[in-house]
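Worksheet: the structure to be examined is printed underneath.
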Amino acid sequence: MKGEIAVIGDYLGTIEEFVPGDGTYADDGKIYASNIGIAILDHKNQTVRIEGKIQTELKVGDIVFGEVLSVKKNIVTVIVRKIMGFEGIMDIKTGIYVSNISESFIESADKMFGIGDIVKGKVIKIEDNLIDLSTKDNELGVVKAFCKRCRYPLFKSEKYRDKMECASCGHREDRKISSDYGNVAKI
């Protein structure tokens, strides 16, 4: 039987009900989660375990989704909300330097991103609590963008190559877009 997400220290049951399994521990007759994951209460076999450990920290190589918090000429600040392929929400401040936006030369980061945009990036460096992302790969970049004038969602322009267009006000903007732009269902 599938359960809910459990975090370390969550009460799962008693040793009269279940035998502690993987990802759990017993203390004073009570069973608690020792990992973060899905609590599986197996009444048939009278066991309880934690399955599918949820990743709670970023590591180099992770593909992440986040929201653009601020944009300057040389850096984009992104609040990472989710690691691709893992359950759970997070709130970690990261950055994308202008040199890590694209393989092509980008003069200014503020031309490729807007505040509130949803970004798919790759963690490339973690050092002294500073986390750098990259959107150089074709699969990485903005997956949902908003007009800088009216905040209406942007769509890929059919008329203007490599431009985003606002259906509300008609404003056109540049973005470093992901190859799967608009596919935000997996976030």
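The values are calculated or read from the model by the stated rules, or taken from the named source; none is laboratory data. Note that the coordinates shown come from a computational prediction; the quantities given were computed from them, not determined experimentally. Don't worry about glycine lacking a Cβ; one is built from the backbone with ideal geometry, like all the others, and counts go over all protein chains shown.
Can you say whether residue 73 is outside the structural domain of residue 8 (by TED's automatic domain parsing), basic (Lys, Arg) and either over 29 Å from residue 8 (Cα atoms) or more than 22 Å from the chain's Cα centre (by Cα) (or both), as far as the supplied structure shows? Reasoning before the result, please.
Details: outside the structural domain of residue 8 (by TED's automatic domain parsing): yes; basic (Lys, Arg): yes; either over 29 Å from residue 8 (Cα atoms) or more than 22 Å from the chain's Cα centre (by Cα) (or both): yes.
When the stated conditions are applied, residue 73 passes them.
Sort out which residues of region 18-66 are at pLDDT below 85, acidic (Asp, Glu) and closer than 25 Å to residue 184 by Cβ, and write them in order of number.
Passing the criteria: only 57.
Could you tell me which of the residues 149, 175 is in a loop (DSSP other than H, G, I, E, B) and within 30 Å of residue 58 (Cβ to Cβ)? Can you show your working first?
Working: 149 fails: within 30 Å of residue 58 (Cβ to Cβ).
Unique residue meeting the criteria: 175.
Among the listed residues 186, 136, 125, 120, identify the single one that is in a loop (DSSP other than H, G, I, E, B) and either assigned by TED's automatic domain parsing to the domain that holds residue 67 or modelled with pLDDT of 95 or more (or both).
Going through 186, 136, 125, 120 in turn, just one is in a loop (DSSP other than H, G, I, E, B) and either assigned by TED's automatic domain parsing to the domain that holds residue 67 or modelled with pLDDT of 95 or more (or both): 136.
Tell me, yes or no, whether region 66-76 has at least one residue that is touching a residue at least 24 places away in the same chain (Cβ under 8 Å), assigned to a strand (DSSP E or B), over 30 Å from residue 178 (Cα atoms) and small (Gly, Ala, Ser).
There is no residue in region 66-76 that is touching a residue at least 24 places away in the same chain (Cβ under 8 Å), assigned to a strand (DSSP E or B), over 30 Å from residue 178 (Cα atoms) and small (Gly, Ala, Ser).
Rundown of residues vs (1) of a type in the set (Ser, Thr, Tyr); (2) surrounded by fewer than 18 Cβ atoms within 10 Å (Cβ to Cβ); (3) assigned to a loop (DSSP other than H, G, I, E, B), yes/no style:
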position	(1), (2), (3)
5	no, yes, no
8	no, yes, yes
12	no, no, no
17	no, yes, yes
26	no, yes, no
31	no, no, no
40	no, no, no
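Only one residue in 45, 35 is outside any strand (DSSP E or B), within 29 Å of residue 7 (Cα to Cα) and touching a Lys or Arg at 6+ places or on another chain (Cβ under 6 Å), so which one is that?
Going through 45, 35 in turn, the sole match is 35.
For region 170-179, check the following and say yes or no: at least one residue is more than 26 Å from residue 93 (Cα to Cα) and either aromatic (Phe, Trp, Tyr) or loosely packed, with under 13 Cβ neighbours inside 10 Å (or both).
yes
All but one of (1) closer than 29 Å to residue 38 by Cβ; (2) among the aliphatic types (A, V, I, L, M); (3) surrounded by fewer than 19 Cβ atoms within 10 Å (Cβ to Cβ); (4) touching a residue at least 24 places away in the same chain (Cβ under 8 Å) hold for residue 89; state the number of the condition that does not hold.
(4)
Is it fair to say residue 57 is outside the structural domain of residue 136 (by TED's automatic domain parsing), of a type in the set (D, E, K, R) and either over 30 Å from residue 137 (Cα atoms) or not in a loop (DSSP other than H, G, I, E, B) (or both)?
no
So which residues in region 106-118 are without any contact (Cβ under 8 Å) to a residue 24 or more places away in the chain and crowded, with 17+ Cβ neighbours inside 10 Å, if there are any at all?
Quick first cut of region 106-118, residues without any contact (Cβ under 8 Å) to a residue 24 or more places away in the chain only: 107.
Scanning region 106-118 gives no hits.
Just to be sure, is residue 82 among the charged types (D, E, K, R) and buried (at least 16 other Cβ atoms within 10 Å of the Cβ)?
In short, yes.
In region 93-105, which residue that is surrounded by fewer than 17 Cβ atoms within 10 Å (Cβ to Cβ) and either modelled with pLDDT under 95 or among the hydrophobic types (A, V, I, L, M, F, W, C) (or both) is nearest to the chain's Cα centre (by Cα)?
Ranking the candidates gives 93 first.
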